[in-house]
Amino acid sequence: MYIYDRKFSGAPSLLEEQPITSQPAGRTSYYPGRVISGFGEASTALASKVLWPTKFRWGDKTFSTNIQSSFERALHTVRNDTSFSHLPDVRTVPIAIMALDPSGARPIAGQREFEMFYSGSLLKVAAMYAAYQLRVAVNELAPTLSATVNTTDKVFQTIRNTFNKQIDESVPRILLAGGITLTMRVPKYPTIFHAAKIGGVWRLKFNDAGGANSFASHLRRMIVGSHNESAGFCIRALGYSWINGVLQAAGFLRFDFPKSEGIWLAGDYEQQKTVTIPSVNDEAVKQATTCFDMARLFALLHDKKLVKNFAHFATALSGNDEMLNLLKDAVDDPAAPSLLKRVPHSFVVRQSKIGVGELKAGGSCLDTNRDRCVYAEAAILQHPPTSRKFVVVWQNLTYFRAHPSWWRDGLNRIVAVIQKTMDDYVLRN
């Protein structure tokens, strides 16, 4: 049973974080004693073990009165700042701020942080995570294959036979949705991966053959520059059930509450049929997240725990390092740079992914009518002069045509809340 304990009580939580030690990536280990001898003959237990990530548990110090007090002092200061008096109440802003303490504690503060908001392109992070988790899974399965699996076609067919039933059944909301075919639910392994036998062992890397079908290139463009056509390519290749099945298995997506909570991605940013989930700001949507869950994902990535921290044979980097590098390159990419850097600030943005999307009955985020265009961002920040790091996720900054000054002033206010929370927390802790 997944125990849900989210009080800002300062008391130790009943949950413990998944015990993966942060350290430099090691070389991938293989298990030659496990043999899958053909098509669909793998044990279910082995398939499940290598397929799904272990559910991440919230640590003992996830909820702390210390950082919540700093956050509330920041809110109080900003609420009384007359330069923001024309804006809606700051207490309506969904935001989470997590301290990456040197002790390893990950205390978090926030408001509306468990509510699901439509956040457009921010959800491309979910597809990135799903891609790297799948790379881990196929490379743990591949060395167990028998000698009869001796061609790439047989490799991919064996992976399908081993994984696809579990993937397809993992999220009933998607499995039972009308018009969502099997092809839309499960991964297209030959599109995602290139397989080759190295030292007598099958190994897989992201397909980087070049051209329009290079999964590696599309994966990068999806995050660095936030290009929708590349996101569509990656999401269609990965499949809705794989993306959301991974999020659910890892604990980032929960259906056992009156309202679903977590990270949800079941749309391809283009024209493929979608599966929706309720949101606070835009009714039923195909892309949504809570601030809390996205902050947890970024913190685990920072700690190099999000995927198994083994160096990949083709890149000499772990998936954690590769994802951090993509988010680092996204900070200043001219196509979709960090929003936090677009107004005066004194912190350093180390990694970032922004979200921009159009609310229903709104204008277009790409033309002069930006009415009801909504913005969000998840970022890893560094606080000068202490060099302490924080994860910040905020959502639902909306451009209203009737109040054109609200967007930039609202962004300035978000930056002020972040800065004042960090300043107060590092001073007192």
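The values are calculated or read from the model by the stated rules, or taken from the named source; none is laboratory data. Note that the structure is predicted; figures quoted are calculated from it, not measured. Using ideal geometry, Cβ is built from the backbone for each residue, glycine included, and neighbour counts are taken over all protein chains shown.
Points worth noting:
- Restricted to segment 211-237, and to residues there that are assigned to a loop (DSSP other than H, G, I, E, B) and on the phi < 0 side of the Ramachandran plot, the residue that is farthest from the chain's Cα centre (by Cα) is SER214.
Okay, residues lined up against (1) buried (at least 20 other Cβ atoms within 10 Å of the Cβ); (2) modelled with pLDDT under 95; (3) not β-branched (Val, Ile, Thr):
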{"site": "LEU340", "(1), (2), (3)": "yes, no, yes"}
{"site": "SER352", "(1), (2), (3)": "yes, no, yes"}
{"site": "GLY355", "(1), (2), (3)": "yes, no, yes"}
{"site": "LEU359", "(1), (2), (3)": "yes, no, yes"}
{"site": "GLY363", "(1), (2), (3)": "no, yes, yes"}
{"site": "ILE380", "(1), (2), (3)": "yes, no, no"}
{"site": "VAL393", "(1), (2), (3)": "yes, no, no"}
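- Segment 268-294, residues that are under 16 Å from LEU100 (Cβ atoms) and out of contact with any Gly (no Cβ under 8 Å at 6 or more places or on another chain): MET294
- Some residue of segment 138-161 being part of a helix (DSSP H, G or I), charged (D, E, K, R) and buried (at least 20 other Cβ atoms within 10 Å of the Cβ): yes
- Taking each residue of segment 293-316 that is over 16 Å from ALA131 (Cβ atoms) and outside the structural domain of ARG135 (by TED's automatic domain parsing) and looking for partners that are crowded, with 23+ Cβ neighbours inside 10 Å and charged (D, E, K, R) with beta-carbon atoms closer than 6 Å, six or more apart or interchain, yields ALA299/ARG106.
- Remark: pairs (first residue in segment 185-203, closer than 17 Å to ALA314 by Cα and in the same structural domain as HIS218 (by TED's automatic domain parsing); second residue surrounded by fewer than 16 Cβ atoms within 10 Å (Cβ to Cβ) and of a type outside the set (Ser, Thr, Tyr); Cβ separation under 8 Å; 6+ apart in sequence or on different chains) = HIS194/ASP208; HIS194/ALA209; TRP202/ALA196; ARG203/ALA196; ARG203/LYS197.
- Residue check for ALA96: in contact (Cβ under 8 Å) with a residue 12 or more places away in the chain and surrounded by 24 or more Cβ atoms within 10 Å (Cβ to Cβ): yes
- The listed residues are ASP256, ASP268, and the only one of them that is acidic (Asp, Glu), in a loop (DSSP other than H, G, I, E, B) and either within 20 Å of LEU317 (Cβ to Cβ) or without any contact (Cβ under 8 Å) to a residue 40 or more places away in the chain (or both) turns out to be ASP268.
- Taken together, the residues in segment 310-330 that are surrounded by fewer than 21 Cβ atoms within 10 Å (Cβ to Cβ) and part of a loop (DSSP other than H, G, I, E, B) amount to 5.
- Some residue of segment 298-315 being in contact with a Ser or Thr (Cβ under 6 Å, 6 or more places away or on another chain) and within 19 Å of GLU377 (Cα to Cα): no
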